[in-house]
Amino acid sequence: MDLDKVINKRKQVTKYSSKKPKIEKIVEIIQSANKAFTHGNLHIIKYLIVENPELIAKIAEACQQEFIKKVPYVVVLCSDPKQIDKIFDVRAKKYIKHHVGAAAENFLLKTYDLGLSGNWIGAFSDVTLRNVLEIPEDVEIEMLITVGDGLKTSKKSKIPSLTTRLFFDTYWNSFHKGIKKVRLEDM
Ligand SMILES: Cc1cc2nc3c(=O)[nH]c(=O)nc-3n(C[C@H](O)[C@H](O)[C@H](O)COP(=O)(O)O)c2cc1C
């Protein structure tokens, strides 16, 4: 699919059909996530695919998000920062956030490119998830992503205009002679 189409199609989806995508598709999506920018080419994300319905029900409880009970797959993105803490010291925490965000965006764009849908899950109880999924104490649970065959949604998020958030050369300078204000409001 054309990149712009995928970006515009990508919307948070919380309703999925009972048709379960093949596991190969989920692995293909993770391969795309794994190609995201990473600090010093250090790959510290571990991906845990959960498809057992009993575990998924427990994940839904850990997230307090009912819709998760009906998703065919939840992928948990964990970071194992042991290597990078030593190399990057105080910047390590920031770099992990950058890398996880980049991997998650690749993940979700690939999901939509394959005709599937997903949702980003950032709200969860770390303690409960750790217990349910047997995640070791020294591994950080970064986020979860739901994946499935999304049911059609008319959801449209109102995206605030860039006019008050796009600056040129110096912070607060919203003027650029090459760009008309009217065009910015459409962006
Ligand atoms: C850091 C982060 C955490 C999020 N956590 C959740 C979540 O726990 N549950 C959920 O349904 N959506 C979650 N989302 C998705 C947002 O709610 C969604 O992207 C936003 O409402 C805009 O809608 P759109 O993605 O359809 O444009 C999260 C998104 C981000 C970036």
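A few comments on the model shown:
- Within region 26-45, the set of residues being in contact with an Asp or Glu (Cβ under 8 Å, 6 or more places away or on another chain) and within 16 Å of the ligand (Cβ to nearest atom) comprises ALA36, ILE45.
- Taken together, the residues in region 99-140 that are away from the ligand (no atom under 13 Å from the Cβ), under 27 Å from GLN83 (Cβ atoms), surrounded by fewer than 20 Cβ atoms within 10 Å (Cβ to Cβ) and touching a residue at least 24 places away in the same chain (Cβ under 8 Å) amount to 7.
- For the residues LYS158, LYS152, the requirement of being exposed (fewer than 12 other Cβ atoms within 10 Å of the Cβ), closer than 16 Å to LEU116 by Cα and either over 19 Å from the mean Cα position of the chain (by Cα) or of a type outside the set (D, E, K, R) (or both) singles out LYS152.
- Only one of the listed residues (VAL27, VAL50, VAL74) is of a type in the set (A, V, I, L, M, F, W, C) and under 13 Å from GLY118 (Cα atoms). That residue is VAL74.
- Test for GLU51: is it under 17 Å from ILE135 (Cβ atoms) and surrounded by fewer than 21 Cβ atoms within 10 Å (Cβ to Cβ): yes
- Residue, nearest to the ligand (Cβ to nearest atom), within region 61-77, restricted to residues that are surrounded by fewer than 19 Cβ atoms within 10 Å (Cβ to Cβ) and not acidic (Asp, Glu): GLN65
- Among the residues making up region 12-25, those that are within 16 Å of the ligand (Cβ to nearest atom) and either crowded, with 16+ Cβ neighbours inside 10 Å or over 20 Å from the mean Cα position of the chain (by Cα) (or both) are VAL13, THR14, TYR16.
Here, each number is a calculation from the coordinates, and none is a lab measurement. Worth saying up front: this structure is predicted, and the values here are computed from it rather than measured. For neighbour counting, all protein chains shown are included, and Cβ atoms are generated from backbone atoms with ideal geometry for every residue, glycine included.
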